Amino acid sequence: MLKVGLTGGIASGKSVVGEMFVAFGAYLGQADRIAHELMLPGRPVYNEVVRHFGRAILNPDLSVNRARLAEAAFGSAPTATESASSAAIASRVAELNRIVHPAVIGAQEEWMEEIGRQDPHAVAIVEAALIFEAGAAKRFHRLMVVTCTDEQRIARFAARQKIDFEAARKEVARRMAAQMPEAEKAKAADFVIDNSGSLDHTRAQVEQIWAKLRAEAEN
């Protein structure tokens, strides 16, 4: 079985690319979905997150409000006078990652091992925004990074969150500041997928990469 990590910056199109690989025959696991399941009420990760960030992050039904948790970790959208708080923000983000990342990585490993038992020649892809930041890069045989332009990233995020372009620009900048620069990720990747053009252009790249991954998994 071939273990493949799929990553990239916020709103780069990782999920779209992941589904393209599924159409060709890959198995896809998504770190965000795993994290969501781990943060269901009563789960150990849920309990730790609530203990560290407070009950203000909860909805009335006691589920985690993802937007409030993001604000608790990353802070409010920054202004010109708030740069001094960057160290405090980094500390809160690191604390959230310390709680969530090990559990997500463990669940990913279990999922890939199960796929390998079912299909020894499978290509198992894990889509995760923070593969490098979580120290999980070495757990994969191959790494893929999805890229796009900054303007596209902001526009896509604005459409997804139903917010205006300026609010999206600030939020994207805030979240990207907590991640490894996309250019550095691209340098460390085995494959880079440029998702700044048409879907057909992206799909053509995916098809070429899939042929290589499929051949490697068969050997």
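For this structure, a couple of remarks:
Per-residue answers, yes or no, for (1) under 18 Å from the mean Cα position of the chain (by Cα); (2) modelled with pLDDT under 95:
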site	(1), (2)
Ala128	yes, no
Glu171	yes, yes
Asn195	yes, no
Glu207	no, no
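- Ala84 being closer than 30 Å to Gln205 by Cα, part of a helix (DSSP H, G or I), modelled with pLDDT under 95 and not hydroxyl-bearing (Ser, Thr, Tyr): no
- When region 50-61 is filtered for residues that are among the hydrophobic types (A, V, I, L, M, F, W, C) and exposed (fewer than 12 other Cβ atoms within 10 Å of the Cβ), only Ala56 remains.
- Residue match in region 56-74 (condition: at pLDDT 95 or above and assigned to a helix (DSSP H, G or I)): yes
- Of residues in region 18-49 being under 15 Å from the mean Cα position of the chain (by Cα) and small (Gly, Ala, Ser), the one surrounded by the fewest Cβ atoms within 10 Å (Cβ to Cβ): Ala35
The values are calculated or read from the model by the stated rules, or taken from the named source; none is laboratory data. All values reported here derive from a predicted model rather than from experimental measurement. Note that we place each Cβ from the backbone using ideal geometry, even for glycine, and neighbour counts take in every protein chain shown.
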